[in-house]
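These notes are about the structure you will find just below.
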Amino acid sequence: MASMLSFSPPPLMKPMVSPILSPSVGSIHLDKKLGHSVITHVATEPRVTVPVIPPIERARPDSTSKGKISVWTSVRQERWAGELAVEGKIPLWLDGTYLRNGPGLWNIDQHHFRHLFDGYATLVRTSFNNGRVSAGHRQVESDAYKAARKNRRLCYREFSETPKPKNFISFVGELASLFTGSSLTDNANTGVIQLGDGRVLCLTETTKGSIQIDPNTLDTIGRFQYSDNLGGFIHSAHPIVTDSEFLTLLPDLVRPGYIVARMEPGSNERKIVGRVNCRGGPAPGWVHSFPVTENYVIVPEMPLRYCVRNLLQAEPTPLYKFEWHPESGSYMHVMCKASGKVVASVEVPPFVTFHFINAYEEKDEQGRVTAIIADCCEHNGDTSILDLLRLNNLRSSTGLDVLPDARVGRFRIPLDGYPIGELDAALDPEEHGRGMDMCSINPAYLGKKYRYAYACGAHRPCNFPNTLTKIDLVTKRARNWHEDGAVPSEPFFVARPGATKEDDGVVISIVSAKNGGGYALVLDASSFKELARAKFPYGLPYGLHGCWVPRK
């Protein structure tokens, strides 16, 4: 069996022009499954197709895996690029590149990672121009990935994996390297963002895992070096990024709290906006993401708190690097962007969330801000979602409904000095199958009152979110897209140039199909109906978060 890291990747494959198609505005074929003909549109001719790539043995699915679906298996090869065949019609105004990042490689030779978040980062590029789609993927060349490829073993601490020391001396050295941060991974497998100055970064929760890439070639340029002295090993995996600023949270594990920091476009220096001290617990709560309004940064203090003891363990606990401390309280802190002062710290019911959706300021008739509304994908205070993201669970096909319930959790944070905040469902969770994660909005409404959100929901029974859902927070209804056996990744909203309506645009998601294939799906954001799909010549593993890079 060919090993993953002993494989020498081929050069980029060139698209192949099919000799059997004559020039036309489209071709017609019989869809045997649907029993009717389907028009396949292509923008220019001759039609460009891509040869199917023979599989490379880079990963072995769990023994309980059934079917051909590729979503939980490693990407077939280190890199690929070509043009995609399009079914349907891509809007001609859609001009730019959707980048998606995620853990696409889950093994080192015969060692197979245990958790979704462990895999080495794989970038996928889907570029749209004049109705045509080109695409490619490539591994992010982090130090963790390069070391594993060279040494044929795990060399850095991933989310649930720890390098196995050879002896006691190496174990002591491993502990020392942990406290200096040198053994923490830089595997930037979580998100990808474009800074206001145009630079594109892949990110994860370790500060060292900020890696600059070329969005056109997907080449790894190198580590993004912060030029300040703020220190700290970890930060929020999801900073707030606009054309004018970069905001992030830095958890302080020594003096439990959070530093809010800002970085200007063109700079590598983060500057402190202010600090929030934790109100409870032995350590700060996990801050995978956080929301902002026009004037405030909202710092969540979740009872799922960092745990140094669990971090030191060689084998993962059910909560990995965290501990659940509901007795310590749950809080939402509100910091003024301009002054850095904390204007409110209120206690809220226990909550578990990876991803905040948006926040905005609630005002009275005189225009005074009376409260903050903050929405998130909330798991009903249930921490089991962390352990259920183990790969052997995701690869199983038992037919049981094991995905924990989730909702659009809506916080109301009073700013009148009242010490208690509210947390309720913003709409009936049955609208989206009691599944809710991986969200996006129209970025023009960031920090403002908004109506629509796009996320992954559930068509039950399932063990993972398997639908795309459009949430209407005014009518309290949802529209859902679902395809049997398919697993879509985060739906990403792209606004139509010149649009005035909040949902005037498209939603893009990369889907792993039941038959082992994969495609980029384009939905009309208003009607939530399919406009087109651009088919990859191979199946893609699941990915996490993306960004849109408009063509200059």
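The values are calculated or read from the model by the stated rules, or taken from the named source; none is laboratory data. What you see is a predicted model, and the numbers here were worked out from it, not measured in a lab. So basically every Cβ, Gly included, is an ideal-geometry build from the backbone, and we count neighbours across all protein chains shown. Note: accessible area is taken over every heavy atom of the protein model, side chains too, but ligands, DNA and RNA are not part of it. Shrake-Rupley method; radii C 1.70, N 1.55, O 1.52, S 1.80 Å.
Between the range 321-381 and the range 114-145, what is the separation of their alpha carbon centroids in Å?
That distance is 33 Å.
Apply the Karplus parameterisation 6.51 cos²θ - 1.76 cosθ + 1.60, with θ equal to phi minus 60°, to every residue of the range 345-352 and state each ³J(HN,Hα) to the nearest whole Hz, in sequence, with x for glycine and proline.
9, 10, 7, 10, x, x, 9, 10
How large is the accessible surface per residue of the range 450-545, computed with a 1.4 Å probe and reported in Å² as a whole number?
About 33 Å² of surface per residue is accessible.
So how much accessible area does Leu218 have, in Å² to the nearest 10, using a 1.4 Å probe?
10 Å²
Excluding ligands, DNA and RNA, what is the solvent-accessible area per residue of the range 388-439 at a probe of 1.4 Å, expressed in Å²? Numbers along the way, then the final one.
Values: 2200 Å² over 52 residues.
I get 42 Å² per residue for this part.
Keeping every protein chain in place, order Cys336, Cys376 by accessible area at 1.4 Å, biggest value first, i.e. largest first.
Ranking Cys336, Cys376 by accessible area, largest first, yields Cys336, Cys376.
State the Cα centre-to-centre distance between the range 226-271 and the range 536-552 in whole Å.
Cα centroid of the range 226-271 versus Cα centroid of the range 536-552: 26 Å apart.
Counting DSSP beta bridges in the range 273-393, what percent are antiparallel, to the nearest 5?
100 percent
Once neighbouring chains are kept in place and the probe is 1.4 Å, which whole percent of the accessible area of the range 449-544 is contributed by carbon and sulfur?
About 48 percent, which is the carbon plus sulfur part of the accessible surface.
First select every other residue whose beta carbon is under 15 angstrom from the beta carbon of Ile234; then total the charges, Lys and Arg +1, Asp and Glu -1.
With Lys, Arg at +1 and Asp, Glu at -1, the net is +2.
Collect residues whose amide H, placed 1.01 Å from N in the peptide plane, falls under 5 Å from the amide H of Leu415; neighbours closer than 5 in sequence don't count.
The list, which skips near neighbours in sequence, is Ala371, Ile372.
Applying the Karplus parametrisation 6.51 cos²θ - 1.76 cosθ + 1.60 with θ = phi - 60° to the phi angles of the range 392-400, what ³J(HN,Hα) value in whole Hz is obtained for each residue in order, glycine and proline being reported as x?
So the J values, rounded to whole Hz, are 5, 6, 5, 7, 6, 10, 7, x, 7.
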